[in-house]
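Chemist: Starting off with a structure, shown below.
The values are calculated or read from the model by the stated rules, or taken from the named source; none is laboratory data. The structure presented is a predicted model; accordingly, all values stated were derived computationally and were not measured. Here Cβ is always computed from backbone atoms with ideal geometry, including for glycine, and neighbour counts include all displayed protein chains.
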Amino acid sequence: MTAQRRYFVYVGLFLLMFINYLDRINLSVAAKDIAATYGLSPVELGYMFSSFLWTYLVFLIPMGLAADRFGGRAITYATLGLWSVAGIWTGLATSYASLFASRLVLGVGESASYPSGGKIIREWSPATERGVATAFLNSGAYAGLSVGSIVVAWLITGFGWRESFFITGAMGLALAAVWFLFYRRPEQANWLSLSERQRILGTRGAADSATAGEFNQRLAMRRLLTSRSMWSLAITQGCAGYTLYLFMTWLPNYLAVSRGLDVLKSGFFSAVPYAMAVVIGLGLGWLSDRLIKRSGGRNGERRKLIAVILLLSSVILATPFVASIWIILALFSVSLGCVSTAMAMNIALTSDLVTDGRYNGVAVSMLIMGGNLFGLAAPIVTGYIVAATSGFSGAFLVAGILLLTGAAVITVGARQPIEFPERAPSERNSLELVRKPLHGQA
């Protein structure tokens with residue numbers, strides 16, 4: 001029986017995204033105290049929530065190209081260290097301008113997380129295991145949001161909002177050191193058995209790094225920008241991403257202001273939907289891989305599952321008509337769980353459709369760009385809706401309509417493979433390593 005040591009890498013991706021989103025949720029949970037410290041209005045809070053996305057979006061494509069050029073290892077530990085330092089800076093900020101600047105730096109560091117994560121999945125995962133691997137990556141994000149909602153609320157209550165940023169930033173720096181010391185591509189990982197290495201390299205598809213020249217990368221960008229499938233994937237990611245950022249930035253504030261919960265209770269109630277997203281994401285990730293195996297690798301099965309999941313997530317439309325906090329919690333859990341899964345499956349579907357893994361990083365960057373362009377708008381639009389209507393009903397309506405739109409777009413659009421220029425003979429090193437064990441390995 002083939003060993004399963006590659007799951008250590010999947011767990012590492014889970015922890016990477018756990019820290020990523022722990023640093024993001026800090027600001028949302030601390031929003032009430034930060035608003036009091038700086039005297040911020042709902043509109044100003046909305047801009048603060050979205051500020052890290054400005055630089056995040058600017059650096060997404062460059063980070064994707066860097067991941068394709070240099071591989072996932074170097075990009076991951078360097079940017080993890082950067083965003084952890086930015087989180088500590090947020091706690092040290094003594095003015096609104098300094099706080100805002102720290103969030104911009106956070107966006108630069110975190111822009112590499114999904115492109116490098118997608119690249120690592122392409123490097124390490126057999127093609128029929130990408131759904132599970134991507135579910136580990138994405139579930140780490142929601143575990144970070146779930147645990148962060150409670151832990152950060154406890155830290156704020158016990159110590160203060162600044163200290164919460166110091167602690168989560170230190171956790172990120174520790175993980176960056178571990179990643180630097182232990183992560184390698186499967187070709188160089190001497191802790192892999194030969195049989196598992198052969199399985200990974202023989203079934204993952206092309207995944208070479210540092211082999212695509214500038215000219216080929218220009219052609220790849222042109223191909224992605226003219227691909228109907230790529231546009232459909234990005235738009236669908238955006239429709240789901242809008243709801244994700246609505247939850248991630250405004251959920252604690254909604255529970256505190258509209259439902260009258262204190263910081264600890266709003267933190268707890270915010271944690272439940274995120275925890276359910278982890279469970280739902282891992283389960284449906286496994287299901288999507290099973291569907292791919294049964295269909296003989298046809299990508300349409302994953303696409304259909306994404307559409308169904310987005311339809312289920314639109315239950316958020318019922319929120320304005322429900323009074324019970326427990327029913328609202330159930331609606332949020334279903335909606336967020338389905339949204340998170342759809343976004344993860346979109347990453348797996350992108351890898352399925354991209355025929356040449358050299359460009360998987362930049363393809364995932366474009367996918368995440370779509371999600372975050374819509375995500376950038378969500379906290380700002382919600383801020384204006386809340387200020388204008390003194391409620392969140394309009395915000396949930398916008399989110400629900402976008403989810404239904406995403407289901408339609410993915411159904412009709414992401415059908416064709418995304419093909420690239422033919423690989424050069426000099427770029428076949430990884431395939432040769434399938435046949436050759438590492439020096440000194442039994």
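Chemist: Within the stretch 317-356, how many residues are surrounded by fewer than 24 Cβ atoms within 10 Å (Cβ to Cβ) and touching a Gly at 6+ places or on another chain (Cβ under 7 Å)?
Modeler: Residues in the stretch 317-356 being surrounded by fewer than 24 Cβ atoms within 10 Å (Cβ to Cβ) and touching a Gly at 6+ places or on another chain (Cβ under 7 Å): 1 in total.
Chemist: Return the residue satisfying two criteria in turn: it lies in the stretch 221-237 and is surrounded by 23 or more Cβ atoms within 10 Å (Cβ to Cβ) and in contact with a Leu (Cβ under 6 Å, 6 or more places away or on another chain), and of such residues it is farthest from residue 380 (Cα to Cα).
Modeler: Top of the filtered list is 230.
Chemist: For the list (1) small (Gly, Ala, Ser); (2) modelled with pLDDT of 85 or more; (3) surrounded by fewer than 18 Cβ atoms within 10 Å (Cβ to Cβ), I need the number of the one condition that residue 313 fails.
Modeler: Only one criterion in (1) small (Gly, Ala, Ser); (2) modelled with pLDDT of 85 or more; (3) surrounded by fewer than 18 Cβ atoms within 10 Å (Cβ to Cβ) is unmet by residue 313, namely (3).
Chemist: All but one of (1) buried (at least 22 other Cβ atoms within 10 Å of the Cβ); (2) aliphatic (A, V, I, L, M); (3) more than 16 Å from residue 172 (Cα to Cα) hold for residue 145, so report the exception by its number.
Modeler: Status for residue 145: all satisfied but (3).
Chemist: Just to be sure, is residue 122 basic (Lys, Arg), farther than 26 Å from residue 338 by Cβ, touching a residue at least 60 places away in the same chain (Cβ under 8 Å) and surrounded by 20 or more Cβ atoms within 10 Å (Cβ to Cβ)?
Modeler: no
Chemist: What pairs come out if I take residues in the stretch 162-180 that are within 14 Å of residue 148 (Cβ to Cβ) and free of Cβ contacts under 8 Å to residues at least 60 places away in the same chain and pair them with residues that are of a type outside the set (Lys, Arg) and part of a helix (DSSP H, G or I) whose C-beta lies under 8 Å away, six or more apart or interchain?
Modeler: Short answer, once both residue conditions are applied: 167/155.
Chemist: When you scan the stretch 51-165 for helices (runs of 4 or more DSSP H) that lie fully inside it, which ones turn up with 1 or more residues that are out of contact with any Cys (no Cβ under 9 Å at 6 or more places or on another chain) and within 19 Å of residue 285 (Cα to Cα)?
Modeler: The helices (runs of 4 or more DSSP H) meeting that bar are 113-124, 130-158.
Chemist: Continuing with this model, one more query. Given the residues 347, 316, which is the only one that is hydrophobic (A, V, I, L, M, F, W, C), under 15 Å from the mean Cα position of the chain (by Cα) and under 22 Å from residue 142 (Cβ atoms)?
Modeler: 347
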